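The structure appears right after this line, and notes come after that.
Rule-based calculations on the coordinates, nothing more; no lab input. If you're wondering where the values come from, they're calculated on a predicted model, not measured in any experiment.
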Amino acid sequence: MKTALPWIIAVLGIAAAAYFFNANKSTSTQLATLQAQVQELQTLRMENETLKTNQVPADEIGRARRRGRLRAAGSLARRQRRRMVRA
């Protein structure tokens with residue numbers, strides 16, 4: 001028993017060192033992944049801020065929508081006239 005105890009302690013020490021090495025490696029990988037995600041999040045936030053400043057005013061959007069409806073109604077009337085002429 002006296003000779004086995006130092007070997008048991010040595011084996012447990014090596015096992016603990018291996019466990020902590022693997023845990024540290026896993027933590028380092030997770031940290032690198034999170035840092036990449038944080039960097040991507042920061043770039044997306046900056047892009048979002050620039051897009052917010054470049055928004056089109058609501059009245060201009062309304063005018064564009066009204067113009068689109070008027071054009072669509074005009075083209076419908078032209079199509080109906082063409083059908084009547086052909087018939």
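Observations
- Axis of helix 58-86 versus longest Cα principal axis of the chain: the two differ by about 50°, to the nearest ten degrees.
- Kirkwood hydrodynamic radius over Cα pairs of segment 1-55, then Stokes diffusion coefficient at 37 °C and 0.692 mPa s, in µm²/s: 217
- Against the chain, whose longest principal axis comes from its Cα atoms, helix 4-53 is set at around 20 degrees.
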